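Read the structure below first, then the notes.
The values are calculated or read from the model by the stated rules, or taken from the named source; none is laboratory data. Predicted, not measured: the structure shown is a model, and the values here were computed from it. Virtual Cβ from ideal backbone geometry, glycine too; neighbours counted across all protein chains shown.
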Amino acid sequence: MSEPSPLLQASGLHKSFGGIRAVQNASITVPRGQITGLIGPNGAGKTTLFNLLSNFITPDRGTVIFNGQEVQHLPSHQIAARGFVRTFQVARVLSRLSVLDNMLLAAQQQAGENFLWVWQQGKIRRQEKANREKAIAILESVGLGEKAQDYAGALSGGQRKLLEMARALMSDPQLILLDEPAAGVNPTLINQICEHIVRWNQQGISFLIIEHNMDVIMSLCNHIWVLAEGSNLADGTPEDIQCNEQVLEAYLGS
């Protein structure tokens, strides 16, 4: 059986801040159609690597190839438009807008983006209707349908995580980077989040996930990469990682 083709390939990534090397020669591959994990001790550079992959921070050196094309020099919004989106460790929602409005702002096709649409009012109405229907359907699929008209700021921490993931789906992504989706979430909602990730993966979306909850990582991921002090330490199946002595040393300090 052949290996899945890579959807995301990053190699030789470097990033320093004021002389401090946050990421050093890091590489990672995310196969198409799979759930890949990224783990490491606190301060290992995991979120910085996410920022480099999605170009929220531009790497000093290295390449990021998504769907066969280099993207490390593209603005982050152009990368997102290609189907490569991410969430954040602390969910970023617009608290004073409704849950539904948060969803609509994440839609890729917006009537106001093209001046020519001023002369196509029928097309604008159809697009707005389609975006609204899509947003409501996604909210209902994650259990937030009844919260659609509530202020996003009234959601619990776990519900905000769900909303941020739901927003990511509005752009019809091929790849979603999830930064600690289970952090600060109650166990019941963690199980729901995991179920949603599996379902979306079965629908064709690939994932790269940072997570400190090892039960979540080991149960979800096909392959895991380990980062320590900004560099690659190991990669392999969940079974490989669980018995890797270098990984155990990095976590336990022994």
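The conditions of being crowded, with 16+ Cβ neighbours inside 10 Å, of a type in the set (A, V, I, L, M), closer than 18 Å to N186 by Cα and in the same structural domain as F88 (by TED's automatic domain parsing) are not met by L144.
As a summary of the residue check, A152 satisfies the conditions (1) surrounded by fewer than 21 Cβ atoms within 10 Å (Cβ to Cβ); (2) farther than 19 Å from A80 by Cβ; (3) not polar (S, T, N, Q) except for the one numbered (1). Confirm whether A91 is buried (at least 21 other Cβ atoms within 10 Å of the Cβ) and either of a type in the set (D, E) or in a loop (DSSP other than H, G, I, E, B) (or both). Considered against the rule, which asks whether it is buried (at least 21 other Cβ atoms within 10 Å of the Cβ) and either of a type in the set (D, E) or in a loop (DSSP other than H, G, I, E, B) (or both), A91 comes out as yes. Close contacts from region 39-65, counting a first residue that is at positive phi and acidic (D, E) and a second that is in a helix (DSSP H, G or I) and modelled with pLDDT of 95 or more, with Cβ to Cβ under 9 Å and a gap of 6+ residues or different chains, come to none at all. Does any residue of region 181-188 turn out to be at pLDDT 95 or above and either small (G, A, S) or closer than 26 Å to I35 by Cβ (or both)? No; the residues of region 181-188 include none that is at pLDDT 95 or above and either small (G, A, S) or closer than 26 Å to I35 by Cβ (or both).
Per this entry, I176 is not counted among residues that are crowded, with 16+ Cβ neighbours inside 10 Å and part of a helix (DSSP H, G or I).
Okay, residues lined up against (1) in contact with a helix residue (DSSP H, G or I) (Cβ under 6 Å, 6 or more places away or on another chain); (2) without any contact (Cβ under 8 Å) to a residue 60 or more places away in the chain:
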{"residue": "D150", "(1), (2)": "yes, yes"}
{"residue": "G157", "(1), (2)": "no, no"}
{"residue": "M165", "(1), (2)": "no, no"}
{"residue": "Q174", "(1), (2)": "no, no"}
{"residue": "L178", "(1), (2)": "no, no"}
{"residue": "P187", "(1), (2)": "no, yes"}
{"residue": "I190", "(1), (2)": "no, yes"}
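Scanning region 93-131 for residues being in contact with an Asp or Glu (Cβ under 8 Å, 6 or more places away or on another chain) and modelled with pLDDT under 80 gives a total of 2.
Has region 161-169 got any residue that is surrounded by fewer than 18 Cβ atoms within 10 Å (Cβ to Cβ) and either charged (D, E, K, R) or more than 21 Å from N55 (Cβ to Cβ) (or both)? No, region 161-169 contains no residue that is surrounded by fewer than 18 Cβ atoms within 10 Å (Cβ to Cβ) and either charged (D, E, K, R) or more than 21 Å from N55 (Cβ to Cβ) (or both).
The conditions of being at pLDDT below 95 and of a type in the set (D, E) are not met by E146.
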